[in-house]
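Enquirer: Structure below; questions to follow.
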Amino acid sequence: MIASVAEVGNTMAMPAETFPELMTADQLLTVEIPGKWTELIRGHLVGREPPSTYHGIVSWKLDQIVGQVVRDNQSGVLCGQDTGFKIESNPDTVRAPDLAFIASHRLSLVPRRGYAPLAPDLVAEVVSVGDRPGELLRRVGVWLNAGVRLVWVIDPERTEARVHRPDGSVSIISKDGTLNGEDVLPGFSCPLAEVLTYT
């Protein structure tokens, strides 16, 4: 049971000492842990360190490049880094990818408040230096099981990307290769090197 909440601006912040053992997606909206990014895994609160600056640059570049195609084709919307999606209920799971694409015909499912109770059509995860391979694979599995149709795992350190699909197939894109949206984001194609460079 939540013992108390503290007022922060126009939102309610839940102090760490009052976190319930199992939390809901609505309760996650009230959580503020200084210096941490939070997600919910089957009701359990998980805190993460903020991503590195280079991680943020890669995420931003990917957002700009994919976003241009989404805007030009009016194919849907792009959600920026760490937008939460409620992909499991009772207990709730809220995950936040580095980039998410939702096709236009599904936008009516996105509420004005709270976490959208849906899986995006495409997600991208940018690998941080401390990420463990096993955890990355579990994260990909969670997205695919929730209904994501295409998962890109961008690895700046290895200068490669892995493309995961619901049928279990995986493609490895080298730095000299091309990342594309396949049938999930038709018309999108971009050299991976363009995403991984500073300029």
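Bear in mind that the values in this text are calculations on the coordinates, not laboratory data. This structure is a prediction, so every number in the text was calculated from the model and none was measured. Counting neighbours? That spans all protein chains shown, and the Cβs are built from the backbone with ideal geometry, glycine included.
Enquirer: Mind checking Rg over Rh on the chain, alpha carbons, Kirkwood formula for Rh?
Expert: Numbers: Rg = 17.2 Å, Rh = 17.7 Å.
Rg/Rh for the chain comes to 0.98.
Enquirer: Same structure, new question: What residues from segment 136-173 fall in the zone where the backbone N is under 17 Å from a label point 7 Å along the Cα-to-C-beta line of Val129?
Expert: Under 17 Å, as judged by backbone N against the label point of Val129, lie 155-159 of segment 136-173.
Enquirer: Using Cα-Cα distances under 8 Å and only pairs 6 or more residues apart, what relative contact order does segment 119-199 have, in percent?
Expert: 23 percent
Enquirer: Could you work out [θ]222 nm for the chain from helices alone, using -39500 (n - 2.57) per DSSP H run of at least four and dividing by all its residues? Round to the nearest 500 deg cm²/dmol.
Expert: Mean residue ellipticity at 222 nm (helix-derived): -6500 deg cm²/dmol.
Enquirer: A further question on this structure: Starting from the Cα gyration tensor of segment 111-199, take the square roots of the eigenvalues, sort them a ≥ b ≥ c, and report rounded, prolate or oblate (rounded when a/c is under 1.5, otherwise prolate if a/b is larger than b/c, else oblate).
Expert: Prolate is the answer for segment 111-199, as a/c is 1.5 or above and a/b outweighs b/c.
Enquirer: Could you give the angle, 0 to 90 degrees to the nearest 10, between helix 133-146's Cα long axis and the longest principal axis of the Cα atoms of the chain?
Expert: 80 degrees
Enquirer: Roughly how many debye, to the nearest 20, is the charge dipole of the chain about its Cα centre, given +1 on each Lys and Arg Cβ, -1 on each Asp and Glu Cβ, and no other charges?
Expert: On the way: 18 positive and 25 negative charges, 53 e Å.
Around 260 debye, computed over the chain.
Enquirer: Report the relative contact order of the chain, percent, no decimals, based on alpha-carbon pairs under 8 angstrom and at least 6 residues apart. Walk me through the numbers before you get to the answer.
Expert: Values: 363 pairs, mean separation 27.6, N = 199.
Averaging sequence separation for qualifying contacts and normalising by length gives 14 percent for the chain.
Enquirer: As I understand it, the value is the acute angle between the Cα axis of helix 53-73 and the longest principal axis of the Cα atoms of the chain; what does it come to in degrees, rounded to 10?
Expert: The angle comes out at about 70 degrees.
Enquirer: For the chain, what proportion of DSSP beta bridges, expressed in % and rounded to the nearest 5, is antiparallel? Could you put the intermediate results ahead of the total?
Expert: Numbers: 32 of 39 bridges.
Bridges in the chain are about 80 percent antiparallel.
Enquirer: Quote the charge dipole size of segment 111-199 about the Cα centre in Debye, to the nearest 20; the model charges only the Cβ of Lys and Arg (+1) and of Asp and Glu (-1). Please report the intermediate quantities before stating the final value.
Expert: Values: 10 positive and 12 negative charges, 80 e Å.
Dipole size: approximately 380 debye.
Enquirer: Which ³J(HN,Hα) values in Hz, rounded to whole numbers, follow from the phi angles of segment 28-37 under the Karplus curve 6.51 cos²θ - 1.76 cosθ + 1.60, where θ = phi - 60° and Gly and Pro get x?
Expert: So the J values, rounded to whole Hz, are 4, 4, 9, 7, 9, 10, x, x, 10, 10.
Enquirer: In terms of modelled amide H atoms, which long-range or inter-chain residues lie less than 5 Å from the amide H of Val31?
Expert: Met14
Enquirer: Ok, one more. Convert each backbone phi in segment 170-180 into a coupling constant with the Karplus relation 6.51 cos²θ - 1.76 cosθ + 1.60 (shift: θ = phi - 60°), then list the ³J(HN,Hα) values in order as whole Hz, x for Gly and Pro.
Expert: 9, 10, 9, 9, 7, 4, 8, x, 10, 8, 9
Enquirer: Tell me, what HN-Hα J-couplings in whole Hz come from the Karplus equation 6.51 cos²θ - 1.76 cosθ + 1.60 at θ = phi - 60° for each residue of segment 40-46, using x for Gly and Pro?
Expert: 10, 10, 6, x, 9, 6, 10
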